[in-house]
Amino acid sequence: MPRLSTLSWMAAPRIQIQDLRPCVDGGRYPTKVSLGDTVSASATVFRDGHGKVGGVLRFRRSGTRRWQEVALQPRGNDRFEAAFVPDALGPWDLRFQAWADPYATWLDEVDRKRAGGQSDLGGELSEGEALFGEGTVEEWRDAAVELAARKRHGSAKSPVVGVDVEREFARFGAWYELFPRSWGGFQGVANVLPDLAALGFDVIYLPPVHPIGVAHRKGRNNAEAARKGDPGSPWAIGAAAGGHDALDPDLGTDADFDAMVAAASDAGIEIALDFAIQCSPDHPWLVEHPEWFERRPDGTLKYAENPPKRYQDIYNVNWDTSDREGLWNALLDIVLGWCGRGIRVFRVDNPHTKPFPFWEWLIAKVRSVYPDTVFLAEAFTRPAPMTTLAKVGFSQSYTYFTWKTTKAELVEFVEQARSWSTFYRPNLWPNTPDILHEYLQKGGRPAFEARLVLAATIAPSYGIYSGYEACENTAVREGSEEYLDSEKYEVKKRTLAGPLLPLIRRMNQIRRAHPALQRFENLVWLETESDDLIAYAKQWGDDTIVTVVNLDVGERREGLCIVPDALGLPPTFAAADLLTDEVYAWRSGRNFVGLEPGGSHVIWVGSGAVATRKRSKP
């Protein structure tokens, strides 16, 4: 390696700035926060010898020139911390600057000598006068901080690290997925939006709303041949009526779509669109841009496969096309076009099968124009690609929560996701159109209730696919996770009805009322002395929520909820169950819990949890 000259070494600052936090992959990617959040940053700052150091945290919106500053506060053992609150969406820069503080060093030395009984400090006072100018020690003490910050002796700066500021919905929200064709098209969806908003949902996610291809169309229950009248899968995008920038005429007109988006805004709810980068054989791009698709040596197009599954109705684009720039820009134009029509939320289909540099580029481009845009990654994949998608810009991600049903599995899953919490936000879904887990198939309503409470209280963002409220749980066959008569391949006659609607409404009310449930990283596991009972606490400010769930959907289970002293709760306190309105006398320590199959406690501990009706438990 090349050697630095002696002069280069001599010019290097003596201040060391190490272990910056937050910092993702050495600063390659930004940490994530939401607007209004306090960004707390810390670093280890020191220099050789016993001299004192000072410093600031500098921050600015990326692309601007003027830095703002806040003084570093010592936290012990050379660790310093500062905080600021970003006031705008988008990327921000932050860096630490530190310097030698001869003023604080001199004052500390004099104070220690005085404390040790030394009275002959003439030499030290002459040094003080040379350093501060004329005055008294008390005057010098008052001036020390300002002098150090102004002169910044031997200043050193850390590398710049990034912070990505998104709107609150990127962190916290309730999702509901529905197929518009089963609700009467865009007009039917517009009609049901007020009811969905009243249930507490924040966003309604629609599978692809574009024209559906006819060639190789799939039939009911994923049959390889469609019968007359079968509508096909919405993910087979593209037909004579257009591609990704067009609407399926069976769902309504452009005016109907715009009216639906306006109705959502009036109801205080958002519409999320599916962004699936795949094409039916009838997509206009296959004629207009054949170079964007992969062909086998015999000249045939290669349809999508995930063996043993085959998707003859879908072709993937060729990411190695010679016209990469044209393909990328066409996809960007599609997203920007829907943003221009009022869409700010996109659920992205299988993003882990597309190039990561593409996503980093596209998301940055979109958010430079529409900074409030949120992207949800449907990435059921390995940890490395899943977390990389979060790092390159995805606001949220689907997770493996859907398959984690035991206490051990849930704890392991949550702890892994929490280790990524500076950049990764999980969105928990108990079901999707593709996934009907065995736990729901065999557990009936108790399973649906347990999974709903878990999803809604573990993570700030969760979602359900329509039919969950009615406990739909019939699989196409034993051992399959596909629904019988899957809505992906046929039209149903949907209405908003089902026995779980009261619980859904109540859970969404609880989530909105309690800041503790609007965070993920604050979860603390509580001991229950039972593998069938899972318990955890969340705290934010003076708000404390304790959730206990019976994972056994066949038997009543009894156990404990042990509240540790570390939560800082009183020795005894009122524990209000927000699901039943019962109030218990609980204590820090051991509390008896008995829950019916799939049953839950969502306990509020706070000034408002007044014991209007107490029932003591042994």
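The values are calculated or read from the model by the stated rules, or taken from the named source; none is laboratory data. Keep in mind that this is a model prediction, so the values were computed, not measured. Note: ideal-geometry Cβ built from the backbone for every residue, glycine included; neighbour counts use all protein chains shown. For accessibility, only protein heavy atoms count, side chains too; no ligands or nucleic acids. Shrake-Rupley method; radii C 1.70, N 1.55, O 1.52, S 1.80 Å.
For region 31-57, enumerate the residues that are out of contact with any helix residue (DSSP H, G or I) (no Cβ under 6 Å at 6 or more places or on another chain) and open to solvent by 40 Å² or more (accessible area, probe 1.4 Å).
Selection gives LEU35, GLY36, THR38, SER40, PHE46, ARG47, ASP48, GLY49, HIS50.
Which of the residues that make up region 178-221 are of a type in the set (Val, Ile, Thr), within 31 Å of the chain's Cα centre (by Cα) and not in a helix (DSSP H, G or I)?
Residues satisfying the conditions are VAL203, ILE204, VAL209.
So LEU503 ticks every box in (1) open to solvent by 50 Å² or more (accessible area, probe 1.4 Å); (2) in a helix (DSSP H, G or I) but one. Which box is left unticked?
Checking LEU503 against (1) open to solvent by 50 Å² or more (accessible area, probe 1.4 Å); (2) in a helix (DSSP H, G or I), the one that fails is (1).
For region 460-499, how many residues are open to solvent by less than 40 Å² (accessible area, probe 1.4 Å), within 30 Å of GLN416 (Cα to Cα), of a type outside the set (S, T, N, Q) and touching a residue at least 40 places away in the same chain (Cβ under 8 Å)?
Qualifying residue count, region 460-499: 6.
Can you find a residue that is of a type in the set (A, V, I, L, M, F, W, C) and touching a helix residue (DSSP H, G or I) at 6+ places or on another chain (Cβ under 6 Å) anywhere in region 294-316? Don't jump to the end; show me each part of the working.
Here is the first cut: in region 294-316, the ones of a type in the set (A, V, I, L, M, F, W, C) are 301, 304, 314.
Then keep just the ones that are touching a helix residue (DSSP H, G or I) at 6+ places or on another chain (Cβ under 6 Å); that gives none.
Looking through region 294-316, none of the residues is of a type in the set (A, V, I, L, M, F, W, C) and touching a helix residue (DSSP H, G or I) at 6+ places or on another chain (Cβ under 6 Å).
So, in region 586-611, how many residues would count as being at pLDDT 95 or above and either of a type in the set (A, V, I, L, M) or part of a loop (DSSP other than H, G, I, E, B) (or both)?
So the count comes out to 9.
Pick out the one residue from THR457, THR373 that is touching a Cys at 6+ places or on another chain (Cβ under 8 Å), over 20 Å from ASN222 (Cβ atoms) and surrounded by 19 or more Cβ atoms within 10 Å (Cβ to Cβ). So that I can check it myself, show each step before the final result.
Numbers: THR457 fails: touching a Cys at 6+ places or on another chain (Cβ under 8 Å).
That would be THR373, the only listed residue that is touching a Cys at 6+ places or on another chain (Cβ under 8 Å), over 20 Å from ASN222 (Cβ atoms) and surrounded by 19 or more Cβ atoms within 10 Å (Cβ to Cβ).
Quick one: which residue in ARG60, ARG75 is in a strand (DSSP E or B), touching a residue at least 24 places away in the same chain (Cβ under 8 Å), open to solvent by 60 Å² or more (accessible area, probe 1.4 Å) and among the charged types (D, E, K, R)?
Working: ARG60 fails: open to solvent by 60 Å² or more (accessible area, probe 1.4 Å).
Result: ARG75 is the single residue among ARG60, ARG75 that is in a strand (DSSP E or B), touching a residue at least 24 places away in the same chain (Cβ under 8 Å), open to solvent by 60 Å² or more (accessible area, probe 1.4 Å) and among the charged types (D, E, K, R).
Every residue, every condition in (1) open to solvent by 20 Å² or more (accessible area, probe 1.4 Å); (2) of a type in the set (Gly, Ala, Ser); (3) closer than 30 Å to LEU20 by Cβ, yes or no:
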position: TRP67; (1), (2), (3): yes, no, yes
position: GLU81; (1), (2), (3): yes, no, yes
position: LEU94; (1), (2), (3): no, no, yes
position: GLN118; (1), (2), (3): yes, no, no
position: GLY123; (1), (2), (3): yes, yes, no
position: GLU138; (1), (2), (3): yes, no, no
position: GLU146; (1), (2), (3): yes, no, yes
